[in-house]
Amino acid sequence: MTERLRVGFAGAGAISQYHLVGWSETADAQVVAICDIDEAKARTKAQAFNIPNVYTDFRAMIEREKLHAVDIVTPVGTHAALTRLAADAGLHVSCQKPLTPTVREAQELIAYVGERVRFMVHENYRFRPHYLMIREWLDQGRVGKITQARMTVRCQGMIEVNGVAPFLLNRQPYLKDFARLLIFEVLIHNLDAMRVLLGPLEVAAAQVSKINRDLAGEDAAVILLKGSGCPIAVLDGNISAPGYGPLPTDRLEIMGTRGTLIFDRDRLTMAGSDEPPVIFDLAKNYQICFSSAVREFASGLREGRPFATDRLDNLETLKLMEACYVAAGVRI
């Protein structure tokens, strides 16, 4: 592909802001149209990012605009239908995670699209600078052979704080009605990151619970994982944890035969080392991972190389997510 990438954008909700900043930073690409069923929201984003054309109908957008690709940032229940329309029109697809509500639907969608167009899932945790550095440290052998790992995820985003409505529900009110919440919406990111860092994993056991009783789904979970690259791994999440910030932050400990690596919120260290910690700017890095995922899609199209988060790779993360619920006795 030698000409400038013409992108159609679907969705003008809260997360669209981070995608659109990423596209504005991506050379040789332009979002030429945006679509949302709420025209006012679409027009607001169009004005903010100098997007020339606004639609309320996705089919009309892809029929009228001369697009190369679409970026789908709509609710999860719409992903499959929009992806099918785009593939039928010969347009490459980047789709926000989770790809579909279930693994079965994802498999059906992937089979339908086939090899007709390029198809990537926007799973941006892969591109968080601290996880990229952790991967480097592991590759350098600083930990040695991994023996155990534990990741904790915490925030107070699902509970009222000092009379203020829950931050995550205020930003994404539809989350209140998700029957599968924490693992499906949040920890799926962490499961993907753990797959990258630790190798293939399977679920040995899982338990979920609900702290905020107004939610349809779980806001706390503990998952026991195992794999050939890591005999024991635990993912422990709570997004109704008083005293933590409004957005989820991570703590990761990876123990090995040579050392123990610790990432705690914004700093990366080797346990017992005199080396100063590597400090990360989490606010800045929140946008960086979105921008990096957008560039991954654009450069993958332009260079013809595989996407890091290709739909087939992401399917393995979906399978791991769904296996957590099966192990916890939650009906899919």
Residue satisfying all of: in the range 55-73; assigned to a loop (DSSP other than H, G, I, E, B) and out of contact with any Cys (no Cβ under 9 Å at 6 or more places or on another chain); surrounded by the fewest Cβ atoms within 10 Å (Cβ to Cβ) among these: Lys66
Verdict on Ala81 being closer than 20 Å to Leu318 by Cβ, out of contact with any helix residue (DSSP H, G or I) (no Cβ under 8 Å at 6 or more places or on another chain) and either in a helix (DSSP H, G or I) or hydroxyl-bearing (Ser, Thr, Tyr) (or both): yes
Qualifying residue in the range 246-262 (condition: among the small types (Gly, Ala, Ser) and either modelled with pLDDT of 95 or more or surrounded by 14 or more Cβ atoms within 10 Å (Cβ to Cβ) (or both)): yes
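From the list Met120, Met151, Met158, exactly one residue is at pLDDT 95 or above, surrounded by 17 or more Cβ atoms within 10 Å (Cβ to Cβ), touching a Phe, Trp or Tyr at 6+ places or on another chain (Cβ under 7 Å) and not β-branched (Val, Ile, Thr). Which is it?
Values: Met151 fails: touching a Phe, Trp or Tyr at 6+ places or on another chain (Cβ under 7 Å); Met158 fails: touching a Phe, Trp or Tyr at 6+ places or on another chain (Cβ under 7 Å).
None of the others qualify; the one that does is Met120.
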Residue in the range 270-291 that is at pLDDT 95 or above, small (Gly, Ala, Ser) and within 28 Å of Gln17 (Cβ to Cβ) present: yes
Meets criteria (surrounded by fewer than 18 Cβ atoms within 10 Å (Cβ to Cβ), touching a residue at least 60 places away in the same chain (Cβ under 8 Å) and out of contact with any strand residue (DSSP E or B) (no Cβ under 9 Å at 6 or more places or on another chain)) for Pro129: yes
Some residue of the range 137-144 being assigned by TED's automatic domain parsing to the domain that holds Met321, closer than 25 Å to Gly11 by Cβ, in contact (Cβ under 8 Å) with a residue 12 or more places away in the chain and not basic (Lys, Arg): no
Selection from the range 308-332 of residues that are touching a Leu at 6+ places or on another chain (Cβ under 9 Å) and either of a type in the set (S, T, N, Q) or farther than 25 Å from Ala179 by Cβ (or both): Asn314, Thr317
Single residue of Leu187, Leu224 found to be within 20 Å of the chain's Cα centre (by Cα) and under 23 Å from Leu252 (Cβ atoms): Leu187
Cβ pairs under 6 Å, 6+ apart, first in the range 300-318 and among the small types (Gly, Ala, Ser), second modelled with pLDDT of 95 or more and surrounded by fewer than 17 Cβ atoms within 10 Å (Cβ to Cβ): none
From Val117, Val31, residue being closer than 27 Å to His189 by Cα, within 23 Å of the chain's Cα centre (by Cα) and assigned to a loop (DSSP other than H, G, I, E, B): Val117
Residue match in the range 79-98 (condition: surrounded by 22 or more Cβ atoms within 10 Å (Cβ to Cβ), among the hydroxyl-bearing types (Ser, Thr, Tyr) and touching a His at 6+ places or on another chain (Cβ under 8 Å)): yes
Failed item, numbered, when Asn170 is tested on (1) in a strand (DSSP E or B); (2) surrounded by fewer than 18 Cβ atoms within 10 Å (Cβ to Cβ): (1)
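The values are calculated or read from the model by the stated rules, or taken from the named source; none is laboratory data. Predicted model only: the values in this text are computed from it and were never measured. When we count neighbours, we look across all protein chains shown, and the Cβ atoms used for this are built from the backbone with ideal geometry, even at glycine.
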